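Let me begin by presenting the structure, written as structure tokens, before commenting on it.
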Amino acid sequence: MDLWSVQVKHCIKSPVLLRNSFPEKPISWNPAKSKISLLGIDENRVFEIKIRSSSGFRSFVVRAVGKKNHGNSSSSGNGDRPSPEDGGKESNSSGSLRINLDWREVRANLFAREQAEKVESDPQNKGASSHESKPLGSKWAHPISVPETGCVLVATEKLDGVRTFERTVVLLLRSGTRHPQEGPFGVVINRPLHKKIKHMKPTNLDLATTFSDCSLHFGGPLEASMFLLKTGGRAKLPGFEEVIPGLCFGARNSLDEAAELVKKGVLNPQDFRFFVGYAGWQLDQLREEIKSDYWYVAACSSNLIYGSFSDSSSENLWEEILQLMGGQYSELSRKPKQDM
């Protein structure tokens, strides 16, 4: 059986409308530039960032993770490399410091700060002593108003009883906003099939050999298979589209390149996660489903996504994300399933 032509037979018993085509050729994506200013940094790589939001300028302290450049030259093209003395921090020809950041963490820090300020300004908390917001931590999740590449769609109680999407978490691989001819699409990341690729007896040589021991996961009801791969601290890999920092996706047309990277020792088979099927919408359809409260839209930490590579962790991902989002979302995670 060819894994790439497996048809997933799941009945959709809800108004969730899905599109029926998937463009295999990745299209490059660049995040919007943020209005930020780097104000200061110390030897421990703790620095202050100033962000312009709708309510004005806000500043807060976050911790940077410096990444060493293991290539033959630096990104500036001058061949400079970080030395042990500078703590692995990279500098360009002008001597200015360059820091690699996941800007979603910056936004998450700002969200946490604003939530703490709301609590302190609440009249019901007048008698409480003021306190600083807690550090973000390695795992975090918070609601966002508009779907974006790399966000997650968390099924609400309205999808209870709908076998395909009940209590699912969909990682959005493309938001569909840059190219109107294609809608948003992603993969369900909390539905392990408890099978390995070799159990499907694939006809593709790379799947039958290089990736034979990789686990399979249900990705959605639409007919096409794809994979996620963790790149870790490596530079972006040519031929693969980045979803969030450290995580890319590929489809059938990039399977050969993926196998070659494993054979060269650049990646390990354990860095991959394969999905049977995917989920996709027309842009207006997804917006309507979100407006109708079928999905919560959230940004979450890379650690949560990476953790879902484990079958046991992925099965608890729906509850974990809702609990980290707090408030009404946390309450939903403890509710029993509704009979539909």
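The values are calculated or read from the model by the stated rules, or taken from the named source; none is laboratory data. What you see is a predicted model; the values in this text were computed from it and never measured. Here the Cβ positions follow ideal geometry from the backbone for every residue, glycine too, while neighbour counts run over all protein chains shown. Just the protein is used for accessible areas: all its heavy atoms, side chains included, with ligands, DNA and RNA removed. Shrake-Rupley method; radii C 1.70, N 1.55, O 1.52, S 1.80 Å.
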Pairs beyond 23 Å (Cα-Cα), from LYS118/LYS158; LYS196/LYS335; LYS198/LYS263; LYS158/LYS291; LYS158/LYS230; LYS158/LYS196
LYS118/LYS158; LYS196/LYS335; LYS158/LYS230; LYS158/LYS196
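So what is the diffusion coefficient of the stretch 141-333 in µm² per second by Stokes-Einstein at 4 °C and 1.567 mPa s, using a Kirkwood Rh over Cα pairs? Write out the running numbers ahead of the final one.
On the way: Rh = 17.0 Å.
Approximately 76 µm²/s, per Stokes-Einstein.
Tell me, what % of the accessible area of the stretch 141-333 is carbon and sulfur with a 1.4 angstrom probe?
46
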With every protein chain present, what accessible area does LYS335 have (1.4 Å probe, heavy atoms only), rounded to the nearest 10 Å²?
100
Reported to the nearest 10 Å², MET200 has, with a 1.4 Å probe, an accessible area equal to 40
Residue (of PHE240, LEU261, LEU171) at the positive-pole extreme of the stretch 141-333, dipole from beta-carbon charges:
LEU261
Compute the Rg to Rh ratio over the stretch 223-340 from the alpha carbon atoms, using the Kirkwood formula for Rh, and round to two decimal places.
1.02
Under Karplus coefficients 6.51, -1.76 and 1.60, residue-wise ³J(HN,Hα) of the stretch 104-118 in Hz, glycine/proline x
5, 5, 4, 5, 5, 4, 5, 4, 5, 5, 5, 5, 5, 5, 5
Label-point gap, in nm, between ASN268 and ARG287 - each point 7 angstrom along Cα→Cβ:
4.4
Considering only the other residues whose Cβ falls under 15 Å of the Cβ of ASP271, what net charge follows from Lys and Arg at +1 and Asp and Glu at -1?
+1
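How large is the accessible surface per residue of the stretch 195-340, computed with a 1.4 Å probe and reported in Å² as a whole number? Present the calculation step by step, with values, prior to reporting the outcome.
Values: 6540 Å² over 146 residues.
In whole numbers, the stretch 195-340 has 45 Å² accessible per residue.
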Give me the net charge of ILE305's neighbourhood, meaning all other residues with Cβ under 12 Å from the Cβ of ILE305; Lys, Arg count +1, Asp, Glu -1.
+2
From Cα pairs below 8 angstrom and at least 6 apart in sequence, can you work out the relative contact order of the stretch 141-333, rounded to a whole percent?
30
